[in-house]
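Just below is one structure, and these are the notes that go with it.
The values are calculated or read from the model by the stated rules, or taken from the named source; none is laboratory data. A quick note: this is a predicted structure, and the numbers were derived from the prediction, not measured. Cβ: placed from backbone, ideal geometry, glycine included. Neighbour counts: every protein chain shown. The protein model used for the area step is the full one, side chains on, heavy atoms only, and it has no ligands, DNA or RNA in it. Shrake-Rupley method; radii C 1.70, N 1.55, O 1.52, S 1.80 Å.
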Amino acid sequence: MSHDVPYPIDYGGVVDIFCTLQALKAKGISIILHCFEYGRGEQPILNEYCQEVHYYKRMEGHKGFCFHLPYIVASRSCSDLLERLKQDDYPILLQGIHSSFLLNHPAFENRKILLRLFNVETTYYRELAKYERSVLKRAYLLNESRLLAGQEKKVAKAWPVLTLSERDSQYYREKLQARQVHYLPVFHPYKEVRSLEGVGSFCLYHGNLGVAENEKAAIWLLQEVFSKLKIPFVVAGKNPSQRLQRIAHQHTHTCLVANPEEREMKDLITLAQINILPSFNKTGIKLKVLNALYNGRHCITNSTALEGSPLAPLCHIGESEQDLRQLLQELYHRPFTEEEISLRKKILETHFNAAVNADQLLTYLS
């Protein structure tokens with residue numbers, strides 16, 4: 001069951017879902033997909049991977065509001081979906097705590113249910129609130145975080161859970177006393193390391209710029225790091241605010257590419273000398289870092305972005321503005337080498353092999 005229509009894979013919340021479908025299909029597994037549609041439309045490509053695809057309308061706005069459930073859960077409660085799930089006894093893979101409205105429903109007490117988590121959502125929403133400028137949105141995020149704390153505690157005791165990072169597994173195991181929790185690396189669309197040797201000509205930050213945390217990171221890099229360096233810097237991503245666009249064009253060596261097409265974004269990542277991708281949020285795995293490691297040259301980030309993942313040996317890590325400026329100066333003219341590419345291939349193939357991880361997922365579902 002998916003919290004959203006998992007195609008196109010244009011944001012982090014659906015990448016793992018769609019690529020999980022691909023990996024299970026490659027194993028010969030028949031899949032019945034249930035997903036909530038609220039703006040992305042029905043996607044015929046999903047029929048290539050699924051035996052059946054069923055769409056349900058999410059209850060948005062006040063219709064999805066509930067005093068005792070998080071909005072992301074209550075807005076996805078659906079009687080039609082419940083009735084359809086009762087028609088068979090297949091294992092159920094829930095994608096995201098968003099899909100956890102089945103909790104405590106008597107019809108599913110003896111059903112095999114597995115919950116795949118995107119993040120520790122309590123922490124994620126609390127962190128989002130820190131960087132939200134709107135008072136109303138901040139209040140919503142903090143209240144959602146409070147309600148999610150209760151929901152996460154309940155699901156930890158009810159179902160086995162799969163996390164995207166070791167850090168999130170530790171949180172569920174130690175803080176929530178989860179009954180069963182396992183780390184299963186993210187399924188992703190990158191088939192092989194395509195990083196180029198040599199030297200690129202600019203530095204790049206990329207992400208969904210409509211997310212407050214990502215906008216905060218981009219503005220921080222522009223104002224605190226690149227304003228003091230004369231190294232070309234490009235910010236690229238979806239839905240940048242007018243404020244971010246204005247700040248990005250204050251210097252002649254910095255700019256912003258708004259809403260690039262998939263091919264253009266891939267070219268930017270590939271041609272950059274450095275992908276610089278700090279994060280202020282401590283949960284999940286940062287797919288933008290994984291994208292940069294499969295397709296880009298040098299990658300600079302901070303420990304927050306890497307905690308709980310196996311990617312640290314492949315990245316240059318800096319915490320402060322001074323750390324990042326020093327790393328940028330060291331790496332901007334340093335050729336990216338075949339040895340570095342070989343190390344990426346070794347570590348990424350070990351941890352993010354879709355076929356191996358699909359086999360592991362099937363053992364949890366059996």
message: Give me the one-decimal nm value for the distance between modelled label points at Ser320 and His54, 7 Å along each residue's Cα-to-Cβ direction.
response: 5.7 nm
- line: Note to self: C-alpha centroids of region 126-194 and region 254-280 sit apart, in Å, by 27 Å
- request: Find the relative contact order for region 47-159 and round it to a whole percent, using C-alpha pairs within less than 8 Å whose residues are 6+ positions apart.
  value: 23 percent
query: About its Cα centre, what dipole magnitude does region 146-236 give when the only charges are +1 on Lys and Arg Cβ and -1 on Asp and Glu Cβ, stated in debye to the nearest 20?
result: 420 debye
- request: Give, in whole angstrom and from largest to smallest, the semi-axes √(5λ) of the equivalent ellipsoid of the chain, with λ running over the eigenvalues of the Cα gyration tensor.
  value: 36, 23, 19
message: Assuming 0.36 nm per residue, please report the length gained on full extension of the stretch Glu349 to Asn143 beyond their Cα-Cα distance.
response: 70.2 nm
Antiparallel content of DSSP bridges confined to the chain, in %, to 5: 5 percent
message: Between Ile45 and Arg263, how high is the FRET efficiency from 1/(1 + (r/R0)^6) when r is the Cβ-Cβ distance and R₀ = 22 Å? Nearest 0.05.
response: 0.75
query: At 222 nm, what helix-only mean residue ellipticity would the chain give, in deg cm²/dmol to the nearest 500, using -39500 (n - 2.57) for each DSSP H run of four or more?
result: -12000 deg cm²/dmol
- prompt: Of His316, His249, His206, which has the largest mean-square fluctuation in a 10 Å C-alpha GNM of the chain?
  reply: His249
task: Between the alpha-carbon centers of region 27-64 and region 225-240, tell me the distance in whole angstrom.
output: 37 Å
- prompt: What full-extension length gain, to one decimal in nm, is calculated for Tyr38 and Tyr90 as 0.36 nm per residue of separation minus the Cα-Cα distance?
  reply: 16.1 nm
- prompt: Roughly how many debye, to the nearest 20, is the charge dipole of the chain about its Cα centre, given +1 on each Lys and Arg Cβ, -1 on each Asp and Glu Cβ, and no other charges?
  reply: 780 debye
field: Extension gain from Ile341 to Ser134, taking 0.36 nm per residue of separation minus the Cα-Cα distance
entry: 70.2 nm
message: As an exercise, take the mean of 1/r over every pair of distinct alpha carbons in region 1-57, invert it, and state the Kirkwood radius in angstroms.
response: 11.2 Å
field: Three-way shape call for region 2-116 based on the alpha-carbon gyration tensor, with the a/c threshold at 1.5
entry: oblate
Dipole of region 1-61, positive end: most advanced residue of Asn47, Cys35, Ala23 [Cβ charges, Cα centre]: Ala23
field: Solvent accessible area, Å² - Glu307, 1.4 Å probe, full protein context
entry: 100 Å²
- request: For region 124-246, count all C-alpha to C-alpha pairs, find those more than 17 Å apart, and express that count as a whole percent of the total.
  value: 72 percent
message: How high is the relative contact order of the chain? Use alpha-carbon pairs under 8 Å, at least six apart in sequence, and give a whole percent.
response: 15 percent
